[in-house]
Amino acid sequence: MIDQAEALEIVLAHSHSLGEEEVPLSSSIGRILAEDIRADRPFPPFDRVCMDGIAIPFQAYDEGRRAFTKAAMAAAGDPQKELKDQEQCIEIMTGAILPKGADTIVRYEDLKETADGFEITTEVKQGQNIHYRGEDTNQGDSILKHGLRVKAMDVNILASVGKSSVWVRKQPKVAVISSGEELVPIDQQPEAHQIRRSNVHMLVARLDELGIQAHEYHIRDKESDIRKWVVDILNSHDVLLLSGGVSKGKFDLIPQVLEELGVEKRFHFVKQRPGKPLWFGTMENKRVFAFPGNPVSTLACFHAYFVPWLYASLGLEYQAIKVKLSTDVQFRPDLTYFAQARIWQDEQAVTWAEVKHGGGSGDMISPSTMDGFVILPRGKEEYKAGEVYLFLPFHPLCQG
Ligand code: AMP
Ligand code: MG
């Protein structure tokens with residue numbers, strides 16, 4: 001049995017790049033860029049008027065002129081106009097290109113309309129209300145970097161440089177597999193001795209939040225069944241997340257069959273609670289995480305091992321969240337304790353965690369009222385209020 005930190009190190013040592021693929025812009029949200037994006041034009045691409053009003057030559061204003069006759073109208077989308085006469089203005093709209101011969105925009109709020117034009121009613125500064133060509137970035141400059149997670153505002157940038165498709169890092173193909181004779185499909189009424197196979201749905205939902213469309217399977221606690229299915233599923237996936245059948249029971253056959261199939265065991269049993277029977281193995285570029293079936297154990301192992309593996313494989317820095325314990329916590333077993341907790345931020349922006357001992361690893365109701373797990377490393381029995389520990393959030397928004 002190994003330590004939790006050591007188990008995590010082994011898992012991370014087996015992270016690897018999954019390659020790159022081109023996806024339509026509409027599917028790029030949340031994905032990791034696999035190309036540098038450069039500005040195909042300056043930003044903005046022309047001297048852009050940014051107020052509705054009139055365009056004037058500042059020199060005329062500076063020499064004392066306040067009334068300007070209207071020579072033309074320029075809307076956004078019109079080709080560039082030209083102002084030829086110092087006594088005239090062009091009525092102009094936000095988004096239009098600055099006319100030749102004009103260098104200053106006066107907004108409607110600072111104008112009085114006259115019979116043949118406009119009169120300026122306030123002080124004007126040369127060059128005001130213009131967003132100059134290249135002010136934000138020059139043509140050819142790198143504007144989004146390789147390795148960035150695409151957010152909605154990045155989609156805006158990608159669209160503006162004409163990227164209707166974009167290269168991103170590939171997500172792993174993940175299979176989620178439940179095992180156990182007591183499990184029935186969720187649309188089936190269980191007999192007294194049966195339960196619905198809820199875990200896999202939780203994992204598929206959590207993967208969906210991470211942008212991964214997983215496939216879902218069920219295998220029986222029978223060697224032949226495990227053998228047949230696992231070989232098949234391994235062929236078509238990068239990662240297998242198994243739930244159940246990895247402990248010391250007579251029908252916990254998963255580890256043995258996996259090894260017989262050539263999946264190399266990297267560790268089995270970790271000094272942690274919940275999730276002690278966790279099994280992790282590799283076969284070439286395939287990764288197999290076999291979680292114990294209790295819902296809280298599955299959840300803890302998923303967050304403590306699979307999520308960091310995924311981040312590392314996508315080349316992302318996993319930003320561990322740190323929290324302070326709000327009360328003393330006692331935990332005597334010589335195990336790392338994934339303690340369920342609620343978190344909140346105080347006025348000084350310190351994040352506090354209040355540990356709530358749930359009803360054990362089979363209590364699937366408790367986590368839904370919690371925000372995540374505080375990791376209390378083994379080696380002591382008492383964890384003091386105010387001490388700082390790492391936190392594994394249940395919710396994806398908490399992660400970078
Ligand atoms: P196991 O890890 O197979 O020994 O299962 C431990 C406990 O978790 C048992 O009570 C199982 O019934 C339960 N369990 C296993 N798999 C699932 C699942 N997919 N959904 C809900 N509970 C499960
Ligand atoms: Mg079982």
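The values are calculated or read from the model by the stated rules, or taken from the named source; none is laboratory data. This is a predicted model, so every value here is computed, not measured. Positions of Cβ are generated from backbone atoms using ideal geometry, with glycine treated the same way; all protein chains shown enter the neighbour counts. We work out accessible area using only protein heavy atoms, side chains counted, and drop any ligands, DNA or RNA first. Shrake-Rupley method; radii C 1.70, N 1.55, O 1.52, S 1.80 Å.
Please go through the range 344-359 and pick out each residue that is assigned to a strand (DSSP E or B) and closer than 30 Å to Arg196 by Cβ.
Going residue by residue through the range 344-359, those that are assigned to a strand (DSSP E or B) are 344-345, 351-355.
Answer for the range 344-359, where residues must be assigned to a strand (DSSP E or B) and closer than 30 Å to Arg196 by Cβ: just Val355.
Listed here are the residues, each with its yes/no results for (1) over 31 Å from the mean Cα position of the chain (by Cα); (2) away from ligand 2 (no atom under 13 Å from the Cβ).
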site: Ser178; (1), (2): no, no
site: Leu183; (1), (2): yes, no
site: Gln188; (1), (2): yes, yes
site: Ala192; (1), (2): yes, yes
site: Ile212; (1), (2): no, yes
site: Tyr217; (1), (2): no, yes
site: Ser224; (1), (2): yes, yes
site: Val239; (1), (2): no, yes
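Here are the criteria: (1) assigned to a loop (DSSP other than H, G, I, E, B); (2) farther than 20 Å from Leu12 by Cβ; (3) within 16 Å of ligand 1 (Cβ to nearest atom); (4) not aliphatic (A, V, I, L, M). Tell me which single one Gly262 does not satisfy.
Here Gly262 clears every test but (3).
Can Ala175 be described as surrounded by 12 or more Cβ atoms within 10 Å (Cβ to Cβ) and either closer than 30 Å to His237 by Cβ or outside the structural domain of Asp52 (by TED's automatic domain parsing) (or both)? First the steps, then the outcome.
Values: surrounded by 12 or more Cβ atoms within 10 Å (Cβ to Cβ): yes; either closer than 30 Å to His237 by Cβ or outside the structural domain of Asp52 (by TED's automatic domain parsing) (or both): yes.
The answer is yes for Ala175.
What residue, among those in the range 281-295 that are within 8 Å of ligand 1 (Cβ to nearest atom) and in a loop (DSSP other than H, G, I, E, B), is farthest from Val257 (Cα to Cα)?
That would be Asn294.
Any residue in the range 58-73 that is under 34 Å from the mean Cα position of the chain (by Cα) and not in a helix (DSSP H, G or I)? First the steps, then the outcome.
Initial filter on the range 58-73 (under 34 Å from the mean Cα position of the chain (by Cα)): none.
Looking through the range 58-73, none of the residues is under 34 Å from the mean Cα position of the chain (by Cα) and not in a helix (DSSP H, G or I).
Restricting attention to the range 194-210, and to residues there that are of a type in the set (D, E, K, R) and closer than 30 Å to Asp154 by Cβ, which single residue is nearest to ligand 2 (Cβ to nearest atom)? Write out each step before concluding.
As a first pass, look at the range 194-210 and keep what is of a type in the set (D, E, K, R): 196-197, 206, 208-209.
From the residues that got through so far, the ones that are closer than 30 Å to Asp154 by Cβ too are 206, 208-209.
Details: Arg206: 21, Asp208: 25, Glu209: 26 Å.
This residue is Arg206.
What number of residues within the range 138-153 satisfy the criterion of being in a loop (DSSP other than H, G, I, E, B) and open to solvent by less than 40 Å² (accessible area, probe 1.4 Å)? Don't jump to the end; show me each part of the working.
As a first pass, look at the range 138-153 and keep what is in a loop (DSSP other than H, G, I, E, B): 138-141, 145-148, 150-151.
Restricting the remaining residues to those that are open to solvent by less than 40 Å² (accessible area, probe 1.4 Å) gives 140, 147, 150.
Count: 3.
For Glu135, state whether it is modelled with pLDDT of 95 or more, among the charged types (D, E, K, R) and in a strand (DSSP E or B).
Values: modelled with pLDDT of 95 or more: yes; among the charged types (D, E, K, R): yes; in a strand (DSSP E or B): no.
Spelling it out, it is not the case that Glu135 is modelled with pLDDT of 95 or more, among the charged types (D, E, K, R) and in a strand (DSSP E or B).
Which condition number in (1) closer than 30 Å to Gly281 by Cβ; (2) open to solvent by 40 Å² or more (accessible area, probe 1.4 Å) is the one that Thr94 fails?
(1)
With the requirement that a residue be on the phi < 0 side of the Ramachandran plot and loosely packed, with under 14 Cβ neighbours inside 10 Å, what does the range 6-19 give you? Steps first, please.
So the first thing to find is which residues in the range 6-19 are on the phi < 0 side of the Ramachandran plot, and the list is 6-18.
Matches in the range 6-19: Glu6, Glu9, Ala13, Ser17.
For the range 154-249, please list each of the strands (runs of 3 or more DSSP E) lying entirely inside it that holds at least 3 residues being over 19 Å from Ala300 (Cα atoms), touching a helix residue (DSSP H, G or I) at 6+ places or on another chain (Cβ under 6 Å) and of a type in the set (A, V, I, L, M, F, W, C). Spell out how you get there, then give the answer.
Numbers: elements: 165-169, 174-179, 215-219, 239-243.
By residue number, no strands (runs of 3 or more DSSP E) qualify.
All but one of (1) open to solvent by 10 Å² or more (accessible area, probe 1.4 Å); (2) free of Cβ contacts under 8 Å to residues at least 60 places away in the same chain; (3) away from ligand 1 (no atom under 16 Å from the Cβ) hold for Trp229; state the number of the condition that does not hold.
For Trp229, the failing item is (3).
Given the criteria surrounded by fewer than 15 Cβ atoms within 10 Å (Cβ to Cβ) and within 16 Å of ligand 1 (Cβ to nearest atom), does Gly249 qualify?
Numbers: surrounded by fewer than 15 Cβ atoms within 10 Å (Cβ to Cβ): yes; within 16 Å of ligand 1 (Cβ to nearest atom): yes.
Yes, satisfied.
Might you check whether a residue that is open to solvent by less than 70 Å² (accessible area, probe 1.4 Å), at pLDDT 95 or above and farther than 27 Å from Asn199 by Cβ occurs anywhere in the range 360-373?
No, that holds for no residue.
Taking the condition open to solvent by 30 Å² or more (accessible area, probe 1.4 Å) and in a loop (DSSP other than H, G, I, E, B), does Ala312 pass?
On the way: open to solvent by 30 Å² or more (accessible area, probe 1.4 Å): yes; in a loop (DSSP other than H, G, I, E, B): no.
So Ala312 fails the test.
Filter the range 256-285 down to residues that are touching a strand residue (DSSP E or B) at 6+ places or on another chain (Cβ under 7 Å) and open to solvent by 50 Å² or more (accessible area, probe 1.4 Å), then give me how many there are.
Counting residues in the range 256-285 that are touching a strand residue (DSSP E or B) at 6+ places or on another chain (Cβ under 7 Å) and open to solvent by 50 Å² or more (accessible area, probe 1.4 Å) gives 8.
Just for the range 315-335: of the residues that are surrounded by 14 or more Cβ atoms within 10 Å (Cβ to Cβ), at pLDDT 95 or above and closer than 12 Å to Val388 by Cα, which one is farthest from the chain's Cα centre (by Cα)?
Ser326
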